Structures are given as structure tokens and as C-alpha cells.
Amino acid sequence: MKALIKKFVEAAGPSGFENAVRDLVKAEIAPYVDRIEVDALGSLIAWKGSRQPGGKRVMISAHLDEIGVIATHVDQNGFVRFTPLGAVRPHTCLGGRVIFQNGTRGVIGSERLEDLARTPGFEQMFIDVGAASREDCPVRTGDAGSFDRDFVALSENRLAAKAMDDRIGVAVQVEVIRQLKASPNELVFVFSTQEEVMLRGATTAAYAVDPEIGISIDVTVSGDTPRGIKMETALGKGPAIKVRDAGMISDPRLVRHMCAAAERLGIPVQLEILEGGTTDARAIQTTRAGVPAGCVSIPCRYIHSPSEVLDYQDVINSVKLLVELLGHPIDLQ
Amino acid sequence: MTENQDFLKRLLTLPGLSGFEDPVRKVIAEEWQTLVDELKVSPLGSLHGLKRGYGPEPRPRVLLAAHMDAIGLMVTSIQEGLLRVTAIGGVDPRILPGTPVTVHGRRDLPAWVAAPPDHLLPPSQAGKPVSLEYLLVDTGLSAQEVAELVRVGDLVSFNTQPVELSGGVIAGHSLDKGASVAAVTECLRTLQQMKPGWDVWTVATVQEEITMAGALTSPFDLRPQIAIVVDVTFAKGPGASDYRAFEMDKGPMLGVGPNIHPAIFQSFKTLAEELDLPCAVEPMPAHSGTDAFGIQVVAEGIPCMVLGIPLRYMHTPVEAVMLKDIRRTGWLMAQFIARMEMNFMEKVRMEDAE
């Protein structure tokens, strides 16, 4: 599965510009699903199986998009000013590289910093694409770019890359689609757009799919780094079953059901309480008359930086957990 | 009111935190059972009660919403047998130390919220109300027993009993939800003696204190023509006396602002004046802070009215409300509904509003 992860994380797909990633996913899943559609916001929706007795229509969602930048102005010397697409953190930017949709590469620089103790804001930064003038610059206002960083396996199980958020969810979902042989459920796999800019893709996809149960697959914060955020989740301790985040309280019945599935499989899981951020599951939960929703999270360090780090065993176990969950009736008691 | 008073007191002894409303929904369902024609539970757990109107079919529908979820705490980690917690909803951490709570682990455990000694806290916390991340919940059990009985994600609810103070004031935890649900129930009781033309859907919503998930979803299938939302608002008192606070015992507050349909507001105001019922106008400049904010934008959009019950010490375990204000709020809603003609919507057109 590492080759698949590498392929997905190295593709560029900032929010609103997910075409390249969508094409990759489409090619990987086409033989394994019954029907594929691309909706008005660009989300890829794949149907697999039909509802058998005891089954439900289940929407599963992983988002295609990643955080990135968008050019706001090109000055007369060819420097590109930009603003973030999604929650980019300015302290992760300086010295970084970006790649625009047309293939142009650039490095992020900043104006002279008066105070090195203070992180400069985006308004003090620019992208140097090697141009000498505005006319010479291959980037125009409105061009979107993503961070440019190779996939690397730090050790056998620890993987680092940009856009693990949420290509790891995309990779897990693709692998689940391939491995699932039979299910009593009508499964609708959504590869959503624009999650990083307020869950836009999942919002409309959930309305169209009209599911009875919703599950998102996304990364969550890991609390296991030196003097880091206080959180119980850690790399390598298994998929995290979301109890709540800043936008959603998971349906407690679904949480119990997920924990029971993990226990049957004998795989480790963790319970997740995330105090900032949310996932596609929130959009599913509040669509139409309401949908019981939950989320399988992969713990990840340095989220929203160009080097997000996670554990490969957590990824493998997330696939196992989802195959087990989706392959059986989901009876919420 | 005694019937309703007993019901209210029962609500105030129950847990029912946002996202985990089962215990309180059961009790409300029991109470509404005899007052409505039909009861349903939404996919997210909101309770929907239908009291059919007497007008010719197809009848228009009015939705009465009160949230049934309460604020509280949730376990985030366990350290040496003591629990670290995060808030569910807008808990005010200043009043937490010394508060009795129940930890809903594998079984319910009595516990207290405790603060470490002031001189052992980091300098940023010393001499001030301690922020939530430094507070602890102590069950008295050994680390091993706690490990067996409690896990991350378990709920912690306030364990204080409601008290009837003198002067018709009731105090307790989660009056925020209790007062509003009691007002809607009072309205249902009053409607038993009336013959409203409209169908009335009473909805006890889930998750108002966190995500408004109930308000965003319940109206989708019910598709009411209008929604009336009851919630609590800040009561005046020493230290809370500016324009954002309202006198207790002066009846419901009538909300006004972008979240509220101006013509429906006007009809409520006119009716309150006709009935000689005390009330005041509460400006709500943006987000009303109530379910109306969610309901207003469901589907094609739903005209909303907000009624506020003044409450002291919001989001603490000693919230206080005047019983008379609850009764008057319920009664005003019932009078309003009973007077709604079948063509009421034609009379409250947006373009005719002042």
C-alpha cells in the first residue's frame, strides 16, 4: 500500500483544484465499483453493492483536497504574493517550495524580518518562481499551488509527506473498496472536494447520497511529541475512533459499534477527542433530516505542515476496521 | 403549574449532555405522551411531537423548539487515577472547583471537581480562576479501579439537586434546557383546552449547546411554515445590568434581529400588549445564540420567532429562573397559536413588515 500512498500524496490538489487527484483515484477504483459520478462541486462518488436485508445505505467520505496557496498579485519584479487556501500555518512556510497547477515551481521567501522571535504573516511573504518581471512570470493572480515535498519512509512504519491530510484517508478508502468482496449495505464512497475550506464537497454529496449512516476517514492530531498538544492519541496505537471534535459529537451508538468491530478483529484502537477542527462527517450528520455519523481517524503529527508523519500499521488497521464495519450490518443500538 | 413544576424538577435531576440526550428524552416523551397525537425520534435523537390542528387539511404547521441537551464535561485523559476533562458546551470553569459531579463510566461514579493547590500551579494560573485544563475530577477510587471503570470519552454531568428558592424562583443545573422544555410543555397543556387550526410540532432538539445539529436537521422533514424557538436569556442583576440583560418576572423576551421574522415579531408584540402580558424586546444583532440560527436556514428557509426566559448565572450549576416567566412564555405561545388563522402566513409577509 506504500506505493499507493506515495502516488496520492505526491499529486497536487489544493482545495477547489482537485482534478489531478480525482483522476488518479478514478483509475484505481474503476474496476471495483458499480458506478462512478463526478458531482457539481467535483467530488467523485462511487457506488458499490446494493442494500440486502439488514443493510443500510452508508456514505463513507475521504477528502481529495489539501491545503495550499493562491496567487493574489504579481509585482513588477515577478514576485508572487499569495494567500492560503485552507488553514496553512505561516511558521511552516518559509524556505518551503510550492508547485502551481501549471507546473511552475517556486520557493517561499519573506521581507526582511525585524524581529526573528515573531512569525511573519502571509502578507510579508512571497513566492519566487525565478521570474525577472511581471511579464516574464508564468504565474497569474488566481493560480493555485500546493506545497512541494516528496514522500519519505522515515523508518519501516513511520511515513512522512505533505498532504497526508487527507490522501491517507483517500488511500485507505481505495484499499477498502478493493478489499471488500461482499456487503449487505449499499456503499457510497465519496472522494470529496473542498474539505479544507468548510466541508463544501461533502455537504452537497451528502445531500445527494441521502445516507442512513455516515463515516468519514481523516487524520487527527497526535499527542505524542515533546511538549506537544495534550491529547491521548499516539502513533502506532491503532486507528482512532472519534468521540467528538470541534464540529461534531459522533453518534454514541456508532462509536460503540466501531469499538466492538475492532474488538472482534483483535486490532488496537484509540478513542479520539479533538478540540480543534472537524471532518466531512459533520457535513453528513447535519444533512437533510440528520444522519448518525462517526469517523475513523489516522493519528498524524505536524498536521497542516509540509511534513505530516503517521504510522503505517495504523493505516493497515484502519483498512481492516473499515472492511469489517462495512461488510456487516450496522445495527445501531 | 404544579404538574409542570414537578416535571421541571425531574428534568433538572437528569444527565443529558449534548449528543447523549437519551435519559432526558425518555422523560420528556413520557410527559408529552398524553399531550400530543404522535411522537417520533429523529435520526439524531431529537423528539418530535405532533398535536394535530382542527383546521381543514392540508393544515399548515408551526414548530415549537426547545433544546433538551445540557452542558457538562467529558473525560480526555486519566492521570494517576484522576480525570482530566474538556467542556461540552460553554461551561464556565470559574465555578467548577468544588462542584459535585457524576462520572458516567462503566457505572455511574460520584465525584468532585478539584483544583490543585494554587502555589503548585504554573505562574500563569496562580492567583486566578484556574482554567479547565488544570482541573481534575476525583472519584476517590484507586488508579487501577479507575482504569477499569473509566475511559476517554466518558461523560461527566453535574450532580446538584434543584432547589426552590423563595419568591417563586427555582435554581439548579441545566435550567437552560429545563426552563425552555417546561415552557413548551406548558404551551401544550394550555392548548388542550383550545382548538388551534394549525398542526403543532413540538420539538426537543439535540446538541444545541455544541453544534446545533438538532436545529439544522429536525425541520427538514417537518417543513413548518414558521418556527417559534424558546431559550433562556441573561437576567439582570448586580454586575449584569446593561442592555444585554433583562428583568426577571417581566415575562418572556421577544427577540428581534436578522434571525427573527419581523412581521411575526410584530404579531407577538401586538398580542402580548392586547393580553396585557409583561414582556420586553431583546435585540439580537446577529446570531441569536439559539436554535433559531440553525432552523432559519433549513431547506428553503423558515421564518423564526425567538422567546427568551430570563435566567441568572447562565451555564453554571446554580442557574436560576422565575417559575412565572416559564408559565407566561408557554401561555403566550398557546394564545398565539390558538389565534393563528389558516391564512396567517399571508398576513406576515416579509415585504409588509415595518
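Laboratory data are not the source of any read-out in this text; all were calculated from the coordinates shown. If you're wondering where the values come from, they're calculated on a predicted model, not measured in any experiment. No Cβ is skipped: glycine too gets one built from the backbone with ideal geometry, and neighbour counts run over all protein chains shown.
Just a few scattered comments:
- Residue B:233 long-range amide H proximity, modeled H, under 5 Å: B:309, B:311
- Mean sequence separation of contacting Cα pairs (under 8 Å, at least six apart), scaled by the length of the range A:69-147, corresponds to a relative contact order of 45 percent.
- Cut-off 12 Å (backbone N to label point 7 Å along Cα→Cβ of residue B:221), residues of the range B:37-73: B:39-49
- Summing +1 for each Lys or Arg and -1 for each Asp or Glu among the other residues whose beta-carbon sits under 11 angstrom from that of residue A:321 gives -1.
- Averaged over A:236-243, number of beta-carbon atoms from partner chains that fall within 10 Å: 1
- Take every Cα pair under 8 Å whose residues are at least 6 apart in sequence, average their separation, divide by the length of the range B:72-158, and the relative contact order is 44 percent.
- B:331, B:112, B:201 arranged by Cβ crowding within 10 Å, fewest neighbours leading: B:112, B:331, B:201
- Computed from phi, the 3J(HN,Hα) profile of the range B:148-165 under the Karplus parametrisation 6.51, -1.76, 1.60 (θ = phi - 60°) reads 6, 9, 10, 9, 4, x, 5, 8, 10, 10, 5, 10, 10, 8, x, 10, 8, 7 Hz, with x in place of Gly and Pro.
- Helix-derived mean residue ellipticity, 222 nm - over chain B, DSSP H n ≥ 4, -39500 (n - 2.57), to 500: -8000 deg cm²/dmol
- FRET efficiency, 1/(1 + (r/R0)^6) with R0 25 Å, evaluated for residue A:198 and residue A:102 via beta carbons: 0.40
- Pairwise label distance in nanometres, residue B:349 with residue A:158, each label 7 Å out on the Cα-Cβ vector: 6.9 nm
- Neighbourhood charge, 15 Å Cβ-Cβ cut-off, centred on residue B:137 and excluding it, Lys, Arg +1 and Asp, Glu -1: -4
- Karplus-based coupling profile of the range A:115-126, in residue order and whole Hz: 10, 5, 7, 10, 5, x, x, 4, 5, 9, 9, 8, with θ = phi - 60° in 6.51 cos²θ - 1.76 cosθ + 1.60 and x standing for Gly or Pro.
- Proximal lysines relative to residue A:162, as straight alpha-carbon distance under 19 Å, when same-chain residues fewer than 8 apart are discounted: A:2, A:6, A:7
- When only Cα pairs below 8 angstrom with a gap of at least 6 residues are kept, the range B:154-292 shows a relative contact order of 19 percent.
- Adding -39500 (n - 2.57) for every DSSP H run of four residues or longer, then dividing by how many residues chain A holds, sets the calculated 222 nm ellipticity at -7500 deg cm²/dmol.
- Exposure proxy ranking for A:257, A:91, based on other Cβ atoms within 10 angstrom of each Cβ and starting from the fewest, stands as A:91, A:257.
- Size of charge dipole - the protein assembly as shown - debye, nearest 20, with Cβ of Lys, Arg +1 and Asp, Glu -1, no other charges: 820 debye
- Whole-Hz couplings from phi, Karplus 6.51/-1.76/1.60, listed for the range A:219-226; x for Gly and Pro: 8, 9, 5, 10, x, 10, 10, x
- Neighbour counts of C-beta atoms inside 10 Å place A:231, B:345, A:164 in the sequence B:345, A:231, A:164, starting with the fewest.
- Under 19 Å from residue A:48, Cα to Cα: lysines that are on another chain or at least 8 residues apart: A:26, A:56, A:181, A:320
- The ellipsoid equivalent to the alpha-carbon distribution of the range A:69-147 has semi-axes of 20, 14, 10 angstrom, derived from the gyration tensor eigenvalues as √(5λ) and listed largest first.
- Under 19 Å from residue B:195, Cα to Cα: lysines that are on another chain or at least 8 residues apart: B:51
- Taking a Cβ cut-off of under 9 Å around residue B:70, the surrounding Lys, Arg, Asp and Glu residues balance to a net charge of -3, with basic ones at +1 and acidic ones at -1.
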